[in-house]
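Throughout, read-outs are computed from the coordinates displayed, never taken from laboratory work. Note that the structure is predicted; figures quoted are calculated from it, not measured. Here the Cβ is made from the backbone with ideal geometry for all residues, glycine too, and neighbour counts use every protein chain on show.
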Amino acid sequence: MSLFNSTLCSDKFSTKIIDFPNAVLLNGIGVLLRHNGLPYITDSFAESISDLDVNTGRSYVTINNTYTVVPESASFPFGTNSIHIHRNTLGTEKNRLYAFFTNSAQFMLRRIPINSVDSTPMSEVEVMLSGLQMDNFTFNSQGK
């Protein structure tokens, strides 16, 4: 028995968008602006978060700072690992867009507000959780 139905699929299942020539380990993808085709992509070993425009194939490093690097003393060499984008739906920050990301080597989950027009970071990074070895994560239906 096959779980793959070839009559429903074509040979155009995926399309190459871009090469990341300096990529080391592309690890997490968070859809930033779905209508604009802008995902954030983490690279655990290059210690950065990049923005990719899937319409033009252009990419650039968006976040590359002390929050994305692997400390020299780290025994676990993964920097920025998982990333998710979440739009706040409550309170005074209603509709504010955030990128949440883990840094496994720093034992941190952080968030940063993102400009919903041009996908650039808007202010400083906040620590949301620390002291745990973190990899992937998700949100529940309330965004928690």
At what distance in nm do the modelled label points of HIS35 and LEU132 sit from each other, each positioned 7 Å from its Cα along Cα→Cβ? 3.4
Between THR66 and LEU25, 0.36 nm times their residue separation minus their Cα-Cα distance comes to what? 12.9 nm
Gain in span if fully extended, LYS16 to ARG96, counting 0.36 nm per residue against the direct Cα distance: 25.7 nm
What's the ranking of 93-103, 16-26, 119-129, 38-48 by average number of surrounding C-beta atoms within 10 Å, highest first? 38-48, 93-103, 119-129, 16-26
In whole Å, what is the distance between the alpha-carbon centres of segment 104-120 and segment 17-58? 14
nm² value of the averaged projected area, convex hull over the Cα atoms of segment 16-119: 7.0
Separation between the VAL117 and ARG58 pseudo-spin-labels, each 7 Å from Cα along Cα→Cβ, expressed in nm? 1.6
Assigned charges on the beta-carbon of Lys, Arg, Asp, Glu; the chain dipole about Cα centre (debye): 500
